[in-house]
Amino acid sequence: AFYVVVSNAAGDVTSATATLSVRPRPPVITSEPSDVTVLEGGVARFELAASGSNPLAIQWLEDGAPIEGATSSGYELAAAPYASSGRRYAARVSNAGGEVRTRDALLTVQLAPPRVISGPESQSVVEGASVRLEVAAEGSELTYAWRKDGGEGLGTDATLDLGAGGPESAGVYA
């Protein structure tokens, strides 16, 4: 508490007390997160900068919901799935002086080209034996179109069952 004693030749008088309270500076966003565009499986990173009295607490949000453990000035989505395209990321910054929220930053994930992991394997079978060709691929929104010798489509799944193979089944399948 503060007070003053005022004096002159006739005496002294003491003032009333005054209390000084110092409130923390509320947080201010000084750099907003930017929209991010990445290729499927790529790294998406959102960053912010804020000022205000310490300690500043940060909580990142995905479509308005808190992201567990995302409490630093940057948030990184290590392998962005195609399904996360269109989601919005923001952060709340708070201290004893108040709370502010960043703008929503839009995540755009572009579809990556498909990649064949394995197959189909060449086979040599006895006439009349069942034949199955398989392919393993990675990517999103995959479709399959099996062809023999460059002709018409034979199947639309990752597996092609040809049944009992005869001489007419021989050829190049892709």
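The values are calculated or read from the model by the stated rules, or taken from the named source; none is laboratory data. Keep in mind it's a predicted model, so treat the numbers as computed, not measured. No Cβ is skipped: glycine too gets one built from the backbone with ideal geometry, and neighbour counts run over all protein chains shown. To get the accessible areas, we keep the full protein, side chains included, count just its heavy atoms, and leave off ligands, DNA and RNA. Shrake-Rupley method; radii C 1.70, N 1.55, O 1.52, S 1.80 Å.
Worth pointing out:
- Among the residues of segment 124-137, those that are in a loop (DSSP other than H, G, I, E, B), touching a Gly at 6+ places or on another chain (Cβ under 9 Å) and either free of Cβ contacts under 8 Å to residues at least 40 places away in the same chain or open to solvent by 80 Å² or more (accessible area, probe 1.4 Å) (or both) comprise Val126, Glu127, Gly128, Ala129, Val135.
- For beta carbons closer than 6 Å, sequence separation of 6+ or different chains, a first residue in segment 1-24 that is within 22 Å of Gly97 (Cα to Cα) and open to solvent by 100 Å² or more (accessible area, probe 1.4 Å) and a second that is at pLDDT below 95 and not in a loop (DSSP other than H, G, I, E, B), there are no qualifying pairs.
- Filter result for the condition that a residue is closer than 24 Å to Ser140 by Cβ and either of a type in the set (S, T, N, Q) or under 24 Å from the mean Cα position of the chain (by Cα) (or both), over Ile58, Ile67: Ile67
- Selection from segment 63-76 of residues that are closer than 15 Å to Leu48 by Cα and in a strand (DSSP E or B): Gly74, Tyr75, Glu76
- Note on segment 36-54: residues that are closer than 16 Å to Arg101 by Cα, more than 21 Å from the chain's Cα centre (by Cα) and open to solvent by 50 Å² or more (accessible area, probe 1.4 Å) total 0.
- Candidate set from segment 87-105 (those that are open to solvent by less than 60 Å² (accessible area, probe 1.4 Å) and either of a type in the set (Val, Ile, Thr) or within 10 Å of the chain's Cα centre (by Cα) (or both)); member that is nearest to Ala44 (Cα to Cα): Tyr89
- Any hit, segment 24-46, residues being at pLDDT below 95 and on the phi > 0 side of the Ramachandran plot: yes
- Residue in segment 105-113 that is outside any loop (DSSP other than H, G, I, E, B), touching an Asp or Glu at 6+ places or on another chain (Cβ under 6 Å), of a type in the set (Gly, Ala, Ser) and modelled with pLDDT of 90 or more present: yes
- When the test is whether a residue is open to solvent by 90 Å² or more (accessible area, probe 1.4 Å), modelled with pLDDT of 85 or more and not hydroxyl-bearing (Ser, Thr, Tyr), Glu121 passes it.
- All of Thr108, Thr143 fail the test of being surrounded by 11 or more Cβ atoms within 10 Å (Cβ to Cβ) and of a type in the set (Val, Ile, Thr), apart from Thr108.
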